[in-house]
Amino acid sequence: MVKLDNRGRFLTASLDKTVKLWEIDCTKDDDGIKDGPNLLATFTNLDKRWIKCIVPLDEGSFVRPTDDISISMVKVMAKKTAFEGPASMQQAAFERSIIQCSGAFATSSKNGKTIKVWEMSVIDDKTDDDSKTNKNVSKVCLVQELEHDSVIEAVDAAEDGCSIIVGDVMGDVFLWNKSTSYLSALGVTKSKQRWALTHKFTWRGDMMVHTGEIFQHSITSLCFLDGSKFVSGTKEGMVQIWDGNNKEDKPQMVRVAEEPVSYIQKLLINEPNVEGFSVCCDGGRVVALTVKFEGNDVSELDAFPVNCIKDDGERRVITTMKEIASPRNDSRMASLIVGDDNGTIHLSQTELV
C-alpha cells in the first residue's frame, strides 16, 4: 500500500494480480456519519504474476466540482465547460461526479525482470467503453517497460517522481531518470515521459566473487534520502549507503542484523548534513540510524535499537512501518508505528542521541 497524494488517494497491490485505487472520504452523510474508503478503480491484467512492488511517481490531479477551489479544479472545469457546455458542470456538481482522476505509478512483479510505468486518467462516461463494463472512475495505460537482466527485488522512487532506483538479486542497484525532450514538451510526440538508465551501482566493483557471496548481497529493500543519496538493505542483514553523485566509490556498509533487511523508512531530521532512516529485518529487529555527511563522504554513523515489539517469546514478522510526527516536535525523536503478522500495531519512540 502506498500513498498517492494529499487528497486521500492511495494504491494497493494484492495477490490476485490487481492494483486498486482508493480514496479516503472524510465527508459526512445526512446522518453525520463519515464514509469509509471509496474504491475508485480496480486495475486488472497488469502482469502475469502478482505485484510485488508498487511506487507512486506522479500524484496527478483529483477533482470534484464540489471540492475546494484550486488551480487544478479551475483548469479542469474550464476545459469541461468549453467542450461539453455549462450544463455538464451543473450535472457533475449535483452528482458529485469525479471529473479528473489522474496520476502515475510503477510496478514490478514477483520474480519479474521488468519495471512497468503506468499512467492513470479519468474515464469519460460518454466515450469510454470501460465505464460501461465496470464502476471504475479511472483507467490505466502502460507508458514504458524498464528491462533488467536479473530478477528485481526492490524498487523506490524519489519524492519528485523523476528518479527510480531498482535493486536486483545480484546485489546491483540501477538508477533510472525521467527525461522530457523539447519536442514532447511542445506536444509533437505522444508521450511526455521517457525513462533512461543512468547508472548501475555495484558493491563488488571489478572484483571476481563467488556466486554464493553475490546472493548474500542480494538487494531486499531500497529507500531514497534527500538529493542523490539512497540506502539499500541486503539479504545478509547489511545496510548500504550510496551517493548517486559519486558513482565510482563503493557504498558505506553497516550490519544491522543476521536476517534480511525487509523494509527501510526515511526519518525526518531537521539538521544540516544529517540523514536518518529506520530499518526492520525479518527477525523483527528494528534499528534507527543517523548519518552525518561532510560533502559526499560519510563522516559519522550512529545506530539506535528500537524496541517496537514486546518480548513475549514469540517470533514476530513486521509487515509495515511508518514514521509519524513526534509529539514534542523534537528533531532527534523518531516516532514509529509498526504492524506485525499477528495483527498488532506497535508505537515506539526512540531518541536519536
Revision key, fill the gap. Leu268: passes all of (1) closer than 21 Å to Ser163 by Cα; (2) within 20 Å of the chain's Cα centre (by Cα); (3) open to solvent by less than 30 Å² (accessible area, probe 1.4 Å) but (3)
Practice item. Could you tell me whether any residue of the range 273-285 is surrounded by fewer than 15 Cβ atoms within 10 Å (Cβ to Cβ), modelled with pLDDT of 75 or more and either of a type outside the set (Ser, Thr, Tyr) or not in a loop (DSSP other than H, G, I, E, B) (or both)? Key: yes
Study note, to complete from the structure: A careful count of residues in the range 9-59 that are open to solvent by less than 20 Å² (accessible area, probe 1.4 Å), at pLDDT 85 or above and not in a strand (DSSP E or B) gives 2
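The values are calculated or read from the model by the stated rules, or taken from the named source; none is laboratory data. Remember, predicted model here, so these are calculated numbers, not experimental data. FYI the Cβ positions are ideal-geometry reconstructions off the backbone, even for glycines, and counts take in every protein chain you see. Surface accessibility is based on the protein's heavy atoms, side chains included, excluding ligands, DNA and RNA. Shrake-Rupley method; radii C 1.70, N 1.55, O 1.52, S 1.80 Å.
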